[in-house]
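Presented below is the structure to which this report refers.
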Amino acid sequence: MKKLLIGTALATSVAATAFAGGHAKEVTIGVFLGFTGPIESMVAEMGPGAEFAISEVNDSGALLDSAKVKAVRADTTCIDSGAAQAAIERLITADGVDGVVGGDCSGVTGAALMNVALPNGMVMVSPSATSPGLSHNNNEDKGLFFRTAPSDARQGVVMTEVLMDQGIKSVAVTYTNNDYGKGLADAFQSAYEAAGGTITINAPHEEGKADYSSEVAALAAAGGDRLVVAGYVDQGGGAIIQASLDSGAFDTFHFPDGMISDTLSKFGSDIDGSTGQHPAPSTELAESFTALVGGAFNATSPFVPESYDAAALIMLAMQSADSKDPADYKDHIMKVANAPGTKIGAGELAKGLEILRGGGDIDYVGASGVELIGPGEASGTYREVVMKGGKDTTVAFR
């Protein structure tokens with residue numbers, strides 16, 4: 001790590017000498033997401049979401065001294081912290097990134113942040129790492145970490161509200177055995193039991209197993225009106241659903257954010273009546289963003305608007321600071337994200353960049369309704385869904 005720090009410092013020194021004020025003809029942003037692993041179907045939409053914002057800024061030609069922005073992808077794997085740390089180290093040393101969109105899953109994000117990004121002064125803006133354990137104060141993360149998705153401390157409350165409003169007073173819970181799953185399960189248990197609900201079992205499961213029959217048998221023995229699956233739909237979570245259906249253990253489920261993607265459609269009507277929620281913009285913002293992307297990717301897939309916003313915030317903060325140096329622009333992310341200033345929506349990045357270049361203020365709303373609360377936390381809105389015919393349909397926003 002010492003060599004990494006020296007190399008990064010040297011590169012920064014050279015850049016500062018060649019381009020006063022941290023300017024350059026090229027800005028490089030890492031798109032640091034789980035392109036393989038248990039949420040790859042979700043990331044298949046998130047990556048293009050972040051890159052869409054980058055393309056929009058490039059088309060404007062308005063960032064810094066008409067700098068072009070290059071996106072470089074790196075794979076977190078979602079679950080392998082060692083691989084994730086190696087990937088972000090390559091982004092910093094080999095690719096020379098000026099900011100990072102990511103990570104995605106909470107465990108790998110925390111490892112990459114604490115062990116690589118912080119020692120190297122690199123800004124990370126995560127669109128989907130939601131563990132309450134990532135709610136650092138500025139002394140711990142040096143003001144370098146932000147997220148556009150809300151903490152699972154809030155999701156646990158929203159889950160409770162959804163289930164209680166449906167009269168579901170007893171549930172079994174299974175969660176993926178990592179920072180995300182444990183943090184969400186704990187937040188949900190606290191809120192649900194405080195509201196008078198009963199959790200019959202709160203059990204972890206491991207990812208990547210070939211057989212989940214023993215886990216499902218334990219869940220079935222405990223019972224409950226519904227099974228809460230706080231996992232990843234492309235691996236353990238999806239396998240537990242299938243095993244539950246095959247054995248008749250449960251036929252309705254509740255899905256937090258890591259479970260909601262197009263992969264659920266493979267279960268068809270077998271999971272009709274199941275419920276869930278994920279961070280999402282209002283109907284108005286969702287319709288606007290969908291129209292903007294024009295079918296280039298699924299604009300309503302979980303964490304896609306947040307991915308666009310994560311990339312946009314980095315570039316707008318650079319413009320506000322008049323520098324691509326993370327040490328300069330990190331203190332401008334909260335500034336461009338919140339009032340006062342002209343409201344800037346998705347598709348209006350050129351307008352925002354021009355206002356900032358002229359010394360004005362913006363209040364970035366973006367695709368997800370961005371509002372950051374200290375330090376760098378998203379306040380968040382959730383989309384409540386119910387499964388009908390294998391598709392998640394919107395019931396309400398909370």
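Values for this structure:
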| read-out | value |
| --- | --- |
| Per residue solvent-accessible surface (Å²) - the chain, probe of 1.4 Å | 36 Å² |
| Pairwise label distance in nanometres, residue 342 with residue 60, each label 7 Å out on the Cα-Cβ vector | 1.0 nm |
| Fully extended contour minus Cα-Cα distance, from residue 190 to residue 93, at 0.36 nm per residue | 30.7 nm |
| Listed candidates [x] 25.8; [y] 18.0; [z] 19.7 - label of the one calculated as mean projected area of the Cα convex hull in nm² | [y] |
| Theoretical FRET efficiency, 1/(1+(r/R0)^6), r = Cβ-Cβ of residue 142 and residue 361, R0 22 Å, to 0.05 | 0.35 |
| Dipole of region 322-398, positive direction: furthest Cα of 385, 334, 352, with charges on the beta-carbon | 385 |
| Relative contact order (%) - the chain, alpha-carbon pairs under 8 angstrom, separation at least six | 18 percent |
| Apportionment of accessible area to carbon and sulfur, region 251-398, percent (1.4 Å) | 49 percent |
| Which of 241, 204, 285, positive extreme of dipole for the chain (C-beta unit charges) | 285 |
| Bridge type composition, the chain - antiparallel percent by DSSP, nearest 5 | 25 percent |
| Qualifying aspartates and glutamates (Cα of each under 20 Å from Cα of residue 68; at least 8 residues distant if same chain) | 26, 51, 56, 59, 95, 98, 309, 322, 325, 328, 348, 354 |
| Nearest-ten-degree value, helix 213-222 long axis tilted from longest Cα axis of the chain | 70 degrees |
| Using a Förster distance of 25 Å, the FRET efficiency for residue 331-residue 354 (Cβ separation, nearest 0.05) | 0.70 |
| Whole-angstrom gap from region 226-300 to region 145-188, using each part's C-alpha centre | 15 Å |
| Region 136-252 - percent relative contact order, Cα under 8 Å, separation 6 or more | 28 percent |
| Distribution of pairwise C-alpha distances over region 276-386, 5 Å bins, in % | 2, 13, 23, 23, 18, 12, 6, 2, 1, 0 |
| Carbon plus sulfur fraction of accessible area for region 74-141, probe 1.4 Å, in percent | 45 percent |
| Radius 14 Å from Cβ of residue 114, net charge of other residues (Lys, Arg +1; Asp, Glu -1) | -3 |
| C-alpha center-to-center spacing [region 80-94, region 305-374] in angstrom | 27 Å |
| Positive-end extreme of charge dipole, the chain - chosen from 47, 77, 94 (charges on Cβ) | 94 |
| Region 329-375 - percent relative contact order, Cα under 8 Å, separation 6 or more | 46 percent |
| Within the chain, helix-based [θ] at 222 nm, where runs of 4 or more DSSP H residues each add -39,500 (n - 2.57), nearest 500 | -12500 deg cm²/dmol |
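The values are calculated or read from the model by the stated rules, or taken from the named source; none is laboratory data. Everything numeric here is computed off the predicted structure, so don't read it as measured data. Using ideal geometry, Cβ is built from the backbone for each residue, glycine included, and neighbour counts are taken over all protein chains shown. SASA here: full protein model, heavy atoms, side chains in, ligands and nucleic acids out. Shrake-Rupley method; radii C 1.70, N 1.55, O 1.52, S 1.80 Å.
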